[in-house]
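Okay, so here's the structure we're looking at.
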Amino acid sequence: MAIVPVIQQAVSEQLNKLYQVEVNPASITVSETKPEFEGDYTVVLFALLKTLKKKPEELGNELGQALVTDNGALFSAFNVIKGFLNLAISDSFWLNFLKENYKTTGYGRQYRNGKRVMVEYSSPNTNKPLHLGHLRNNFLGWSVAEIYKANGYQVIKTCIANDRGIHICKSMIAWQLFGNGATPESTGIKGDHLVGDYYVLFGTELKKQMAPIREKKLAELLAAGKTREQAEKILEDTKQELEKEAPIMQAAQQMLVDWEAGKPDVVELWRTMNSWVYKGFEETYRRIGSDFDKIYYESETYLLGKDLVEEGLQKKVFFLKEDGSAWVDLTADGLDQKIVRRRDGTAVYITQDIGLAEVKQNEFNCDLSVYVVGDEQNYHFKVLKLICQKLGIAGADGIFHLSYGMVELPTGRMKTREGTVVDADDILDEMNREATRKRIEREEEQKAKGQHKTEEMSAEELKQLDEMVGAGGLKFFLLRVDPQKRMIFNPEESIELNGFTATFVQYAYARTQSVFRKELYTGGDIGTDLLPLEKELILSLERYPEVLKQACAEMSPSVVAGYVFNVAQLFNTFYNKHSFLNAETPVKKELRLQINQMVANVLKTGMALLGIEVPERM
């Protein structure tokens, strides 16, 4: 049992014994004692003062003395600072905790609670490869799903593939114009990269075709008396309308019409190019460890929601404007009016999402449906949830948008159409190279000191190690930051051995395994007392289940990342100060070997929740 509820229960019972008052244990505030004060856990007394009509110091001393006297197996000492009762937990409690849990590989995980959660993430477009932004999305979605599993939920991981629309038609037109029958096999280019190249080529050709159109429009505006500054602003504001005049854009728009009409040759090309992309996606997903229980395809869902619009009109949730378009008025909810069906009867994007939300709920009946999507879609998901609630769609209250900030490179924001996006595969390759470079640097330093540690590893083992360190560095760097914060990704910084990195945690785990290659615990006597660092390390391990609950409540893998880093940091301090194999006594040796085992288990399972492997040696 976690120690905080134990303390709450003990305090509640003692209050009843001393003062004959009933206090709900859960209402008693208990937190870790601040480092500048003596003690392990602190009871906040202020909420009790009015009821008991006592001064803070008086209540603290009476309660603390009674707790130590009656619960000596739990509390060894106390002190009072104003309205805070600081309690020292006895060594016997921590030693019993260690004995009960050090071999438990599932320590921290909760039993199944009967609740079901859907986490939707990735959601790529099929006109380009996955890029850095997709990596943060995938790592975040996958990790949140695993954290929910660890907290006892049944989890369904889903993805919506945006496989239709003008974006894929742009790649298709460019391939027809410039591809000369190119395929991934004939070019040796990964399928999603190949299709992405033609999307960029479309943008290049569009810009070329737009130049004379833009110059002509500029001349007309200047001739009409506009200043150059005014004319340039008008051109920028009407850019999308002007692009419709370009022949290549007109061809793409016609292809979209032909696709929706089911024109055989267009549909066949669409299927072929999407198959290239899916194969490429699958390869990247394998590399990053992303997986899904169900993939939905926009080409199969884009007509969903039309019936719900009719239903909404009948229920007066939606209304018709004079041109025949259907809208929802959300001004009373602090938003504005939102179109849900165009005047020509076609659906808009949110109409599809409403329909898909209903389909997913009917299929899986989840208590919570989490959408992992960038913060540029915050408004969209507020509207989606409100509409679903107004329509009475089952599970609408459980819709939650896990919004996250954009990830950028030191060089700035990425733009797909201009070909400045860094593909996920390229980043992974770069991380592997960086890991190899860093390892070789360390090897040279170790050789100079006569401390070389990796020469016993084969070339294949070193390759696997570099991949583990590279991928781990990337994931940890993108997950260690609170999801809502924007961030800049720096490959070199992400695998520093002595930084807030996966490499640091991986190295600590490798150290635990190096200890066990020399000596194993026996399950024997571990004594009756603890040194300060021994106690501090066990205390940090005891917090693991609560950390997992917090990470789940906040939907933030950064909580787990910060925790495993702190455990690794504390373990390294301990490792450098106290010997495991040459401990003062056989009892101390057994104690530290058991601590070593529990540290290893917590680091391994904690990193696994982030999708990061830990090496047996480094």
For Val155, the residues 5 or more places away or on another chain with a placed amide H closer than 5 Å to its own amide H are Val117
Taking the alpha-carbon centre of each part, the distance from segment 35-54 to segment 274-328 in Å is 53 Å
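In the neighborhood of Phe574, defined by Cβ-to-Cβ distances under 9 Å, what is the net charge if each Lys or Arg adds +1 and each Asp or Glu adds -1? All intermediate terms of the calculation are to be shown ahead of the outcome.
Values: positive: Lys577, Arg592; negative: Glu534, Glu536.
It works out to a net charge of 0.
Could the peptides 422-432, 579-589 be put in order, highest first, of the mean number of other beta-carbon atoms found within 10 Å of their residues?
On the way: 422-432: 18.5, 579-589: 13.9.
Averaged packing, sorted descending, gives the order 422-432, 579-589.
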Here the Cα Rg-to-2.2 N^0.38 Å ratio for segment 288-425 is 1.20
Helix 544-554 sits off the longest principal axis of the Cα atoms of the chain, rounded to the nearest 10 on a 0 to 90 degree scale, by 30 degrees
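Per-residue ellipticity at 222 nm for the chain, helices alone: DSSP H runs ≥ 4 residues times -39500 (n - 2.57), over residue total, nearest 500 deg cm²/dmol? Don't skip to the end; give the middle numbers.
Details: 23 runs with 345 residues, N = 618.
Computed ellipticity for the chain at 222 nm equals -18500 deg cm²/dmol.
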Taking 14-20, 534-540 and ranking on average Cβ neighbours within 10 Å, highest first, one gets 534-540, 14-20
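Among 158-164, 307-313, 441-447, how do they line up from the highest to the lowest mean number of other beta-carbon atoms within 10 Å?
Numbers: 158-164: 21.6, 307-313: 17.3, 441-447: 12.7.
Top of the packing list down: 158-164, 307-313, 441-447.
Of all the Cα-Cα pairs you can form in the chain, what percent are over 33 Å apart?
Values: 112588 of 190653 pairs.
When every Cα pair of the chain is considered, 59 percent fall beyond 33 Å.
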Semi-axes in Å, largest first, for segment 446-573 (Cα gyration tensor, √(5λ)) are 26, 26, 12
Measuring from the longest principal axis of the C-alpha atoms of the chain, the long axis of helix 502-516 (C-alpha) lies at a number of degrees, nearest 10, equal to 40 degrees
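From the cross-link list Lys535/Lys604; Lys34/Lys438; Lys103/Lys485; Lys321/Lys385, which pairs have alpha carbons spaced over 26 Å apart? Write down the numbers at each step before the final one.
Details: Lys535/Lys604 21 Å; Lys34/Lys438 37 Å; Lys103/Lys485 37 Å; Lys321/Lys385 23 Å.
In this structure, Lys34/Lys438; Lys103/Lys485 lie more than 26 Å apart at Cα.
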Helix 378-391 sits off the longest principal axis of the Cα atoms of the chain, rounded to the nearest 10 on a 0 to 90 degree scale, by 90 degrees
proj_area_mean for segment 3-89 (convex hull on C-alpha atoms), units nm², value 4.8 nm²
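Any read-out appearing in this document is the output of simple, stated calculations on the displayed coordinates, not a laboratory observation. Values in this document were obtained by computation on a predicted structure and should not be read as measured data. FYI the Cβ positions are ideal-geometry reconstructions off the backbone, even for glycines, and counts take in every protein chain you see.
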